[in-house]
Amino acid sequence: MLLSAAFVLIDAAGCQNSMDKEEGSQPVEEWKIHDPDRPLPPVVNPGPASGPVPAPADAFVLFDGKDLSPWEDSKGQPARWKVENGYMEVVKKTGSIRTKQKFGDCQLHLEWAAPLPAAGEGQERGNSGVFLMEKYEVQVLDCYDNTTYADGMTAAIYGQYPPLVNACRPPGEWQTYDIVFRRPRFAPEGKLTSPARMTVFHNGVLVHECAELTGPTENKKRPPYTVHPDKLPVSLQDHGNPVRFRNIWLRELE
Ligand code: MG
């Protein structure tokens, strides 16, 4: 049966059924969204940055430092972020950008750097985001000596799960995200049969292990899942801050 084959694949990736799962991260439902009382995770120094992590042979290279041809804006027009010196940089008010190609289950590697000198406080310091399927955000933010609500800090699954630790490097330094993403599954009539799951490493440090998303990630609300295609673009957020990205690659896992 096709459906159970998909579940076996998910289990093989190390994610147990939620029934058996020991909660490594805080249960979402126990906390209001953006709850200021939700505990902040401990700070862990991840060690020094290294050079770009090479793309494996079977990866789609989504940004090689030269041009934005794999990307477009949210209206399907050419992406207008700045490209120079091997990185792209958010250009305020040009909007978020997304991959022209669409993806479902995947392993995504990307590198980013928050603006130096740091400017702004809380959510206004180095804010961007990585959206799987344009719906499920891993927050990009500068939380090095900067505090915000736990479910919106660096590497949070926005509005749902704080990271297990705060593994930020200082602004201006390159940081890595490695994300293993399993898309949600829907029955033919549209009912959710398996939630989206994410395992995330920030600067090589585990920050989410098989976190089960409650639905799309949004500001101030946790909407339920609605049925969507098996493949959708990866997008990067224009939150008005000049965050830089480099070396983005993705391996399909289905
Ligand atoms: Mg963001």
query: Which far-off residues, 5 or more places away or on another chain, put their amide H under 5 Å from the one on GLY129, with H placed in the peptide plane?
result: VAL140, GLN237
query: How much length is gained on full extension from LYS191 to GLU218, taking 0.36 nm per residue of separation minus their Cα-Cα distance?
result: 7.6 nm
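Got the relative contact order for the chain handy, in percent, Cα pairs under 8 Å and 6 or more residues apart? Walk me through the intermediate numbers first.
Details: 606 pairs, mean separation 73.6, N = 254.
Dividing the mean separation by the residue count of the chain yields 29 percent.
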Intensity falloff of the chain expressed as log10 I(q)/I(0), Debye formula with alpha-carbon point scatterers, at q = 0.07, 0.12, 0.16 Å⁻¹: -0.22, -0.66, -1.24
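What ratio of Cα Rg to 2.2 N^0.38 Å holds for region 154-195? Display every interim value, and only then the final one.
Details: Rg = 15.6 Å, N = 42, 2.2 N^0.38 = 9.1 Å.
Taking N as the residue count of region 154-195, the ratio is 1.71.
Just want the ordering: THR193, THR148, from fewest to most Cβ atoms lying within 10 Å of their own Cβ. Kindly include the intermediate steps, with their values, before the conclusion.
Numbers: THR193 12, THR148 22.
Starting with the residue having the fewest Cβ neighbours, the order is THR193, THR148.
The numbers here are math on the coordinates, done by the rules we state, and not lab data. All of these numbers come straight from a predicted model, not from anything done at the bench. In this analysis, Cβ positions are derived from the backbone assuming ideal geometry, glycine residues included, and neighbour counts consider all displayed protein chains.
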